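**Student:** Sending over a structure as structure tokens; questions will come in a sec.
The values are calculated or read from the model by the stated rules, or taken from the named source; none is laboratory data. All values derive from a computational prediction rather than experimental measurement. In case anyone asks, the SASA skips ligands and DNA or RNA and just uses the protein heavy atoms, side chains included. Shrake-Rupley method; radii C 1.70, N 1.55, O 1.52, S 1.80 Å.
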Amino acid sequence: MNAMPSSASPAPTTPLDLTWKRIIKIWWAFCWRAGLLGLISSFIIGLAAGYMGLALGMDSQTLAGIIAALGTLIGIGTGLIAFRAVLKKKFPDFRIALVPLAGEDAKRR
């Protein structure tokens, strides 16, 4: 699990100011990851689906609809993967952390 050793001191929980510089760092970290993952996976899966559709004799409108639906699903999936990667990233001067609200039950994860 992700439990801290008892000798480790907890990270400070004082929030940093939400500056435009930090917002842009987070936004860019997400955008390039989502874009690159989406481009590569869409190309590979779209190419494979296109060849399979042509081999099965599908008409171009049906094939275009299937590839568009696949593209949407790929976009959602790669976006979630990129978002998770950004949440785990350690930026040069900060990291993003999920911190429970005061008084919340520690067992709820």
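**Student:** On average, how much accessible surface per residue is there in region 10-71, in Å², for a 1.4 Å probe, leaving out ligands, DNA and RNA?
**Tutor:** 77 Å²
**Student:** Sticking with this one: Dividing the Cα convex hull volume of region 26-109 by residue count, how many Å³ per residue is that?
**Tutor:** Convex hull of Cα atoms, per residue: 131 Å³.
**Student:** Could you derive backbone 3J(HN,Hα) for region 22-35 from the dihedral phi with the Karplus parameters 6.51, -1.76 and 1.60 (θ = phi - 60°), listing whole Hz in sequence and x where the residue is Gly or Pro?
**Tutor:** 5, 4, 5, 4, 5, 4, 5, 4, 6, 4, 5, 5, 5, x
**Student:** Working out 0.36 nm times the residue gap between residue 90 and residue 26, then minus their Cα-Cα distance, what length gain in nm do you get to one decimal?
**Tutor:** Details: separation 64, 0.36 × 64 = 23.04 nm, distance 1.06 nm.
Here the answer is 22.0 nm.
**Student:** Long-range amide H contacts for residue 96: which residues qualify at under 5 Å (H placed 1.01 Å from N, peptide plane, sequence gap of 5 or more or a different chain)?
**Tutor:** Here the answer is 91, since their amide H atoms fall under 5 Å of that of residue 96.
**Student:** Now a separate question. Compute, for residue 62, the solvent-accessible surface of its heavy atoms (probe 1.4 Å) with the complete set of protein chains present, and express it in square angstrom to the nearest 10.
**Tutor:** The accessible area of residue 62 comes to roughly 60 Å².
**Student:** Still on this model: On a full-extension model of 0.36 nm per residue, what is the gain between residue 18 and residue 80, subtracting their alpha-carbon distance, rounded to one decimal in nm?
**Tutor:** 20.0 nm
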